[in-house]
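Participant: Below you'll find the structure I mean.
The values are calculated or read from the model by the stated rules, or taken from the named source; none is laboratory data. Source: prediction; values computed, not measured. Please note: Cβ atoms are built from the backbone with ideal geometry, for glycine as well, and neighbour counts cover all protein chains shown.
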Amino acid sequence: MVREFIRFRDPTGNVIEFVLRPETTGLDYHGSRNAGITGFSHVGLCSSDLARDEHFWTSVCNARVSDRIGDAPLMRLGTIHHSIALFPFHRAGIQHINHQVGSTDDIQRSFHFVRENQVNITFGPGAHPTSSAEFLYFTGPEGMTFEYSTGVREIHDEPAWRDRQFHFEPKGFCHWGAAPQIAAFKK
């Protein structure tokens, strides 16, 4: 029921599905509040071997490394700073899922909403030094970590871009000073 579809496993064992143009679309989802989501942005994947998995993504899927936090690569498939991030972990899995929101106001409204509703905030609000995005991470249903962000950098001058190295410590993740409380962000 889609124009194109591919499903595969990366070397760690993460199941990846790429879909191009669904034949039909379902009804728009309208939750109990407008979180300001403008679209899906990226996924953080757990990796049992960062070098091996980076080689897979860059050689087989033509990803390009935008930046690194420690040994963890942030990779792009288009112009957005990163579509895939790999984080060291002992097994396959999704480390986090990111949705873009329209503005800093949406980040702040969500921060107050999740805090008032006693949802576990795992990181932020803050600002990533890598992608320049302002962010908020929180625990969703079934323990999944979600990130809302806005203002992510785009890389349009592909030949001139050189990946940068950031420390795998709080200042490598947030230049506002927030420290992550997410297992795969910790060594």
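Participant: Just give me the residues in the range 165-185 being under 12 Å from Gly70 (Cβ atoms), at pLDDT 80 or above and among the hydrophobic types (A, V, I, L, M, F, W, C), in sequence order.
Facilitator: Residues satisfying the conditions are Phe166, Phe173.
Participant: Now for a separate question. Which one of these is assigned to a strand (DSSP E or B) and either under 21 Å from Thr58 (Cβ atoms) or free of Cβ contacts under 8 Å to residues at least 24 places away in the same chain (or both): Gln100, Gln118, Gln108, Gln95?
Facilitator: Result: Gln95 is the single residue among Gln100, Gln118, Gln108, Gln95 that is assigned to a strand (DSSP E or B) and either under 21 Å from Thr58 (Cβ atoms) or free of Cβ contacts under 8 Å to residues at least 24 places away in the same chain (or both).
Participant: Among the residues in the range 25-46, are any surrounded by 17 or more Cβ atoms within 10 Å (Cβ to Cβ), within 24 Å of Gly151 (Cα to Cα) and free of Cβ contacts under 8 Å to residues at least 24 places away in the same chain?
Facilitator: For the range 25-46, residues surrounded by 17 or more Cβ atoms within 10 Å (Cβ to Cβ), within 24 Å of Gly151 (Cα to Cα) and free of Cβ contacts under 8 Å to residues at least 24 places away in the same chain: absent.
Participant: I need a count of the residues in the range 129-150 that are touching a strand residue (DSSP E or B) at 6+ places or on another chain (Cβ under 9 Å), among the small types (Gly, Ala, Ser) and closer than 16 Å to Gln118 by Cβ.
Facilitator: The total comes to 1.
Participant: Determine, yes or no, whether Gln100 is farther than 27 Å from Asp10 by Cα and of a type in the set (S, T, N, Q).
Facilitator: No, not satisfied.
Participant: Also, quick follow-up: Could you check the range 61-78 and list, in sequence order, the residues that are modelled with pLDDT of 95 or more and among the acidic types (Asp, Glu)?
Facilitator: Once the filter is applied, which keeps residues that are modelled with pLDDT of 95 or more and among the acidic types (Asp, Glu), the range 61-78 yields only Asp67.
Participant: Being in contact with a Gly (Cβ under 7 Å, 6 or more places away or on another chain), closer than 25 Å to Arg162 by Cβ, outside any loop (DSSP other than H, G, I, E, B) and not aliphatic (A, V, I, L, M) narrows it down to one of Phe87, Phe56, so name that one.
Facilitator: That would be Phe87, the only listed residue that is in contact with a Gly (Cβ under 7 Å, 6 or more places away or on another chain), closer than 25 Å to Arg162 by Cβ, outside any loop (DSSP other than H, G, I, E, B) and not aliphatic (A, V, I, L, M).
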